[in-house]
Amino acid sequence: MSQQTAFIQINNLSKTYGLFFKFRALTDINLNIHKGETFGLIGPNGAGKTTLMGCLLGLLKPSAGTILIDNKSVNEISVKALTGFMPERSNFDAWMIVENFLHYHHMLARQPESTANEDVTKALADVGLEPEVGKRLIRKLSRGMLQRLGLAQLLLGKPDLCFLDEPTSGMDPLGMSLVRELLFRWKQEGKTVVINSHHLDQVEKVCDRVAFIDNGKIRSIEELVPTAQTKQIFVIQWAKPYPNEDLVRKVAQDNQVECQSVSDGSARFLLTSKTQGSNLLRAFVGINTQIEQASYEHKDLVELFRRNNATQ
Amino acid sequence: MTSRTPLLLTITVILLVVLRIAVWSVETSKTQEPDGIKWQEPSKADLAGISDYQPKLVFYYFCEENSEPCRRVNHGALLNKNVVKLVNDSFLPIRVLSQPGTELSKELQQRFGVSMCPAFVIALPNGNEIGMQEGYFGMSARNLLSFIKYCKQRKEYVAGLDYLSHDQYEQAAQALQTWFQTKDRFDSQALDGALFCALAHMMLFRENAAQQVLAKIRNSQYENDSNWPQPLVQFLLGKLSATDLLRMCDHQDNRQSQSLYFTGMIELRNGNLQGAVNNFRQVDKINEVSPEIRSLINGQLSITGNPKN
Amino acid sequence: MNKAIIMHSFLRLARPGTLMTLVMFVLVYPTALIAFISRLPSVSFDFEAFANLVFGPMMINVAAFTFVSSSIGNTKSLDDGEYLALLFSRPIFRWVYVVSKWLAGFALVVLVIGSQTIVFKTLLQLIGRGDQLSVGFIDVANIILNSLQITALVAMIFAFPSRIGAMLFAGLLYLSFAAPMMFNAIPDSALWFHGDLHNIVNSISGCLRSFTYAPIDLDPYFNSIQILWLPIITFASNLAIYIWIAVVVLNNREFFYTN
């Protein structure tokens, strides 16, 4: 992934608030986010995640450093045209009717007028809002519905780069799984996504990488999917009768995958790419072994979060 | 860049500001006043209201030197061709420049009750006010012309009452007749004029003329739905006694003072000087009267109540 | 100009609170004033001055501050303001936003004052005094020009964060009107510094005042013995300065959960 050209380049970014009593919200942030990547920003409250997202959206002015998106300034109209933003605070125009609000954002996003009705209906359906919700006043919507509306307005712009600030806060479990599904779909569509979230389990499931931010600084960047540099453990469990250890190791060798251990009907493999995992599975199915379960052994973000906070 | 100020807008602002400074410098450096209204300075004579030596009405303009609204009037309404012509032809224009420490301007302001600048006052040569217009709003040339025309009409009413207070009944009847006949609507002022006109005719023992005027009042569709002036009309026609008239005033000060004045004048006409003086003194105690009626009563009092008259 | 922003500004009129204010403006105020006037004797020049209560600069100012102010950049009240962080994450030039808001505000003010004038005229007609409120070409032109200027001024004030905008406006009013009036009331002899202090203060306040508020009246430009260019230049430059300041301020404002 490091060989890819960075889509978002943040160089020595610092942000200070206040005229007389200065408060440093971000200090020397250097970060590259690649095209098609789902990137998570995590850290405790007041760490500077929101400020960083504000700078990325061009809504806050960096005190020092530069941010380039697709090698252009964040305030370029062409960059804004490919950006979608779902804010944490759903303080939308409370007096508006949902459909009117979405039509308004459809126009603001410079989408063709001819597709407006179709796009609005589709956006509502995509975020799981019933068509009758479209006729309601925004002030009558629940917190979860407002979050979905926030997602719907983002979808209207058909963005290539999405910024989501606490996308699941206030949402019910159904809403949370909807966000997860959307994020997986966007990943398949090659959209670049930057998420700011406190729900570490969510981030863990959908993000390719995460940055731990604390006290305005990036403490560490963790890879959550395997690469050549950051191998990831892939665990397969079989139903009885278990394949013997030699067979397992041979299949691994044939697929150029390092087998770490084999015991009690399960084996641990070190993968350098996701395709290796699917190749392995295909091979084991091909020799008629009965696979019960197969999964990545995810890095425990909660543990990483604690560790990062402890190293300050 | 979405947050960049367009260069064209910045250049336009710079050019306009430069132009503004240039025009301001040129206009403020002009020492020559435009060939507009030929203003005169106020004098002590204005304060005493003894400008009887000239026949024209007096057009007072109260202004301040550094006041933006006054500057706007100077450069606006007062440069209008029609205003300039009308004021120069029909009035004696006096500009009262209000400056800290100038006593004359302060006293003139007090005399006419001017509370803010710019203000226009049109007065009879003897100082009796005909009309006043204060404040910047409404000081367009059209409004000023309308005000001047209105005052020129109203002059007859003020002058008529002035004549009446000085026992000049013939002139009073003429002026008041002109006043109410020029009014296209028989409003309260036209009605007042007609009543005083009838009174002037009565004082001249011209009952027929008085009856003709009173018939006009009776036939008019007066816009106020109250029946008020009718008892006065009945009194002047001799169909209602003075006591009944006063009883019908419903304890309203303005009606009472008007009735007392009318009954006093009729007493005066009938030669009952003491009765007339008593009535006028009672009116004097009631404060709810217009300035015109007040000066009228004061005039009558000085005539009838003063031993030398 | 952005069509979406203009349409949105007009839609804001449909809020219940704003609708009520609109009804007050266009219906209740004229009815109350005409009811009062119908009890007064008809005096022609009073009616001329009365026109200022219908479409004079004062009414235009009140309409602009009532209907346009919250629509620009004041997002203090989230119920009333707009979510500018979300808006400016869209592909919109901020100067286009300012100009669109200004022109939408201008159209709104003209609409409000125009409707109010029509209601006034109709009511006066009903009481038989319709001829006493004449609305001519100059009046219409004055309404248009003064609405353009006051909405630009409102756009400038409300482009600032709400507190700074309020302080700036109050400060300008104080320095241009209240302070010099007070100062002029002090006689020369009472000042520690003798000389042209009054003139200096008045010149400064006059300059500030011309930037703060300078409604234009086209009336003097018809039949005037001398055309004065300063009011025209002042009007045009004020318009450009207000919009320029609004654009510069909005370009430099930060809109991320800080509104």
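Here are the numbers for the structure shown:
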read-out	value
Residue ID - nearest to the other protein chains (Cβ to nearest Cβ), chosen from residues in the stretch C:207-224 that are assigned to a helix (DSSP H, G or I) and hydroxyl-bearing (Ser, Thr, Tyr)	C:Ser210
Number of the condition not met by B:Ile37 [criteria: (1) at the interface with chain C (Cβ under 7 Å from one of its Cβ atoms); (2) under 20 Å from B:Phe147 (Cβ atoms); (3) surrounded by 16 or more Cβ atoms within 10 Å (Cβ to Cβ); (4) modelled with pLDDT of 85 or more]	(1)
Number of the condition not met by A:Glu181 [criteria: (1) in a helix (DSSP H, G or I); (2) open to solvent by less than 10 Å² (accessible area, probe 1.4 Å)]	(2)
The stretch A:109-138 residues that are in contact (Cβ under 8 Å) with a residue 60 or more places away in the chain, paired with ones that are part of a helix (DSSP H, G or I) and among the hydrophobic types (A, V, I, L, M, F, W, C) (beta carbon under 6 Å, 6 or more apart)	none
Failed criterion for B:Gln212 (all others in (1) open to solvent by 10 Å² or more (accessible area, probe 1.4 Å); (2) of a type in the set (S, T, N, Q); (3) within 25 Å of B:Val58 (Cα to Cα) hold)	(3)
Test for A:Asn100: is it touching an Asp or Glu at 6+ places or on another chain (Cβ under 6 Å) and either open to solvent by 30 Å² or more (accessible area, probe 1.4 Å) or assigned to a loop (DSSP other than H, G, I, E, B) (or both)	no
Number of the exception - A:Thr66 against (1) at the interface with chain C (Cβ under 8 Å from one of its Cβ atoms); (2) under 17 Å from A:Thr16 (Cβ atoms); (3) in contact (Cβ under 8 Å) with a residue 24 or more places away in the chain	(1)
Matching entry among B:Ser98, B:Ser115 (being within 12 Å of chain C (Cβ to nearest Cβ) and of a type in the set (S, T, N, Q))	B:Ser98
Scope the stretch A:79-90; condition of a type outside the set (Val, Ile, Thr), facing chain C (nearest Cβ under 7 Å) and buried (at least 20 other Cβ atoms within 10 Å of the Cβ); matching residues	A:Lys80, A:Phe85, A:Pro87
Residue in the stretch B:91-103 that is farther than 28 Å from C:Asn184 by Cα, open to solvent by less than 10 Å² (accessible area, probe 1.4 Å) and modelled with pLDDT under 80 present	no
Answer residue from the stretch C:225-252, given it is in a loop (DSSP other than H, G, I, E, B) and out of contact with any Phe, Trp or Tyr (no Cβ under 8 Å at 6 or more places or on another chain) and is least open to solvent (accessible area, probe 1.4 Å) among those	C:Leu228
Qualifying positions in the stretch C:36-64 - crowded, with 18+ Cβ neighbours inside 10 Å, modelled with pLDDT of 75 or more and within 7 Å of another protein chain (Cβ to nearest Cβ)	C:Gly56
Wholly enclosed strands (runs of 3 or more DSSP E) of the stretch A:214-288 bearing at least 2 residues in contact (Cβ under 8 Å) with a residue 60 or more places away in the chain and open to solvent by 80 Å² or more (accessible area, probe 1.4 Å)	A:217-223
Residue count, the stretch A:125-159 (criterion: touching a helix residue (DSSP H, G or I) at 6+ places or on another chain (Cβ under 7 Å), of a type outside the set (A, V, I, L, M, F, W, C) and in a helix (DSSP H, G or I))	8
Of the criteria (1) more than 7 Å from every other protein chain (Cβ to nearest Cβ); (2) in contact with a His (Cβ under 9 Å, 6 or more places away or on another chain), which one C:Leu230 fails	(1)
Near pairs, Cβ below 9 angstrom, 6+ apart or cross-chain, from the stretch B:73-86 (more than 9 Å from chain C (Cβ to nearest Cβ)) to any residue that is assigned to a helix (DSSP H, G or I) and open to solvent by 70 Å² or more (accessible area, probe 1.4 Å)	B:Leu86/B:Lys149; B:Leu86/B:Lys152
Test: residue in the stretch C:5-25 that is modelled with pLDDT under 75 and within 9 Å of chain A (Cβ to nearest Cβ)	no
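The values are calculated or read from the model by the stated rules, or taken from the named source; none is laboratory data. Note that the structure is predicted; figures quoted are calculated from it, not measured. Glycine gets a Cβ as well: all are built from the backbone with ideal geometry, and neighbour counts include every protein chain shown. Please note that ligands, DNA and RNA were not included when accessible areas were found on the heavy atoms of the full protein model with its side chains. Shrake-Rupley method; radii C 1.70, N 1.55, O 1.52, S 1.80 Å.
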